[in-house]
1. Quick check on this structure: which one of Ala90, Ala132, Ala128 is touching a residue at least 60 places away in the same chain (Cβ under 8 Å), open to solvent by less than 70 Å² (accessible area, probe 1.4 Å) and at negative phi?
2. Looking only at the stretch 93-145, which residues are part of a loop (DSSP other than H, G, I, E, B) and among the basic types (Lys, Arg)?
3. Residue by residue through the stretch 44-55, note down the ones that are surrounded by 15 or more Cβ atoms within 10 Å (Cβ to Cβ) and either touching a Lys or Arg at 6+ places or on another chain (Cβ under 9 Å) or closer than 19 Å to Tyr107 by Cα (or both).
4. Regarding the stretch 59-81, can at least one residue be identified that is of a type outside the set (A, V, I, L, M), at pLDDT below 95, open to solvent by 80 Å² or more (accessible area, probe 1.4 Å) and in a helix (DSSP H, G or I)?
5. From the residues in the stretch 27-72 that are among the acidic types (Asp, Glu) and under 12 Å from the mean Cα position of the chain (by Cα), which one is farthest from Ser84 (Cα to Cα)?
6. Name the residue that is farthest from Gly76 (Cα to Cα), counting only residues in the stretch 1-37 that are part of a loop (DSSP other than H, G, I, E, B) and open to solvent by 70 Å² or more (accessible area, probe 1.4 Å).
Amino acid sequence: MIPYGNALINTTAKTVECQHGAGECDANVWELCAVKWFPSDQHLPFMECLTHSLPMGYHDEPFDPKIFEDCSEKAGLWFSRLKSCHDKDAWAIQKDAADQTPDDHEYVPWVEINGSHIDEEKVDLVTAICDAYEGEFEGCSAMER
């Protein structure tokens, strides 16, 4: 998972401009830090909490850090680690996300499994994930494949 969206990066000026304003860029950094430092069973609940806690739409200013602190506590993330990453590594982590985001993506979310784009309007995403998964997962075992 790469929280980056349709952002535009300027490596010379070291700036990132997000489609939905500075608030989106800031939230992306919090999420990128969660992905970097915590396992999926913690960072995914953190992101789900943010989905319910952050207002949608364009925002010129970063969101109140208390929102991220509350969601980190709910998800069991160590907030001081998250905040340190957010405050010290914002440029580097956004640059890395830009490098990982396919140049040819046309919309978000842009889903890829093992490097191949999945069109969610033509393919059932859960089936595609289960077909690609090379292990045992309870959620997939009940599916006919």
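The values are calculated or read from the model by the stated rules, or taken from the named source; none is laboratory data. The structure displayed is predicted, hence computed values, not measured ones. Here the Cβ positions follow ideal geometry from the backbone for every residue, glycine too, while neighbour counts run over all protein chains shown. Accessible surface areas use protein heavy atoms only, side chains included; no ligands, DNA or RNA. Shrake-Rupley method; radii C 1.70, N 1.55, O 1.52, S 1.80 Å.
1. Ala90
2. The answer is Lys122, Arg145.
3. Pro45, Phe46, Cys49 - these are the residues of the stretch 44-55 that are surrounded by 15 or more Cβ atoms within 10 Å (Cβ to Cβ) and either touching a Lys or Arg at 6+ places or on another chain (Cβ under 9 Å) or closer than 19 Å to Tyr107 by Cα (or both).
4. The answer is no, given that none of the residues of the stretch 59-81 is of a type outside the set (A, V, I, L, M), at pLDDT below 95, open to solvent by 80 Å² or more (accessible area, probe 1.4 Å) and in a helix (DSSP H, G or I).
5. Step by step, filter the stretch 27-72, then rank; the result is Glu48.
6. Thr12
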